[in-house]
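Below: the structure, in structure tokens.
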Amino acid sequence: MSDAPPPAPQGNLPDGIPAPPPPRPDLKDIRHEGPTYGSEKSKKKKKKERTHPTDPYEPLRKKGCGCCGCLGGSLVAVVILLIALVGAVIYLGPGRFVSEGYTVVNLEGAEVTVSTAPEVPTLYIGQTVTYSATVTSVAVAIVAKEVTLSGDFLKEVSITGAKVTGLATARFAENLEIYAGEFFDQGITLKGELTGRVMKSLQ
């Protein structure tokens, strides 16, 4: 028989070395865990997701011109335009002559010829007007689509039209005011000043 000690069973440590502590159980603190149902995506909330019906809502964005909406802005623009038109009619158009005491004569017909000079300052309103009085000793104003002038004018004259033609026989002793899209100067004689505004001037 052998006197050698029997072999130590497998898994045992030599004498004098303490055994390692047993592994800790893998326990989770359920107090910090979310719900165990559903998917992982349901745990993450979107930034814009509302969690309670009492959450404040973002203010609605105003659409329009920025101040009071397109309707209000349009009304203000229309009112301003009307005021400007009224002012232009009063101070630059027929209203100015009415306020200065001119007699208003509405010329009926598409084409009218004025061959007799008025005795008082007169405003003529028509469509196509040919003024051919020999001598006019009072102030005259004409508002029409087309105006043709001839004769001697001893006082100031104002013409407003899309097309204005001054013939070579037209002579003006004082100022001539013209507001026209086209002004055809065929050799007028002007001793005063030419005022107004003309888009296109031809000779």
Sum up the charges of everything whose Cβ sits under 9 Å from the Cβ of Gly192, counting Lys and Arg as +1 and Asp and Glu as -1, but leave Gly192 out. -2
Can you give the FRET efficiency to the nearest 0.05 for Leu75 and Thr169, using r as the Cβ-Cβ distance and R₀ = 41 Å? 0.20
Points 7 angstrom from Cα along the Cβ direction at Lys155 and Glu119: gap in nanometres? 1.3 nm
For each of Val135, Val157, Val114, Val98, count neighbouring Cβ atoms within 10 Å of the residue's Cβ, then give the residues from fewest to most. Val135, Val98, Val114, Val157
Determine the sum of side-chain charges near Ile159: Lys and Arg each +1, Asp and Glu each -1, restricted to other residues whose C-beta is under 14 angstrom from that of Ile159. -1
The rounded separation in angstrom of the Cα centers of the stretch 93-125 and the stretch 131-203 is 14 Å
Within the stretch 108-150, what residues put their amide N at less than 12 Å from the label point 7 Å along the Cα-to-Cβ vector of Leu202? none
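Any read-out appearing in this document is the output of simple, stated calculations on the displayed coordinates, not a laboratory observation. Since the structure is predicted, the reported quantities are computational estimates derived from the model, not experimental observations. Positions of Cβ are backbone-derived with ideal geometry, glycine not excepted, and every protein chain shown enters the neighbour counts.
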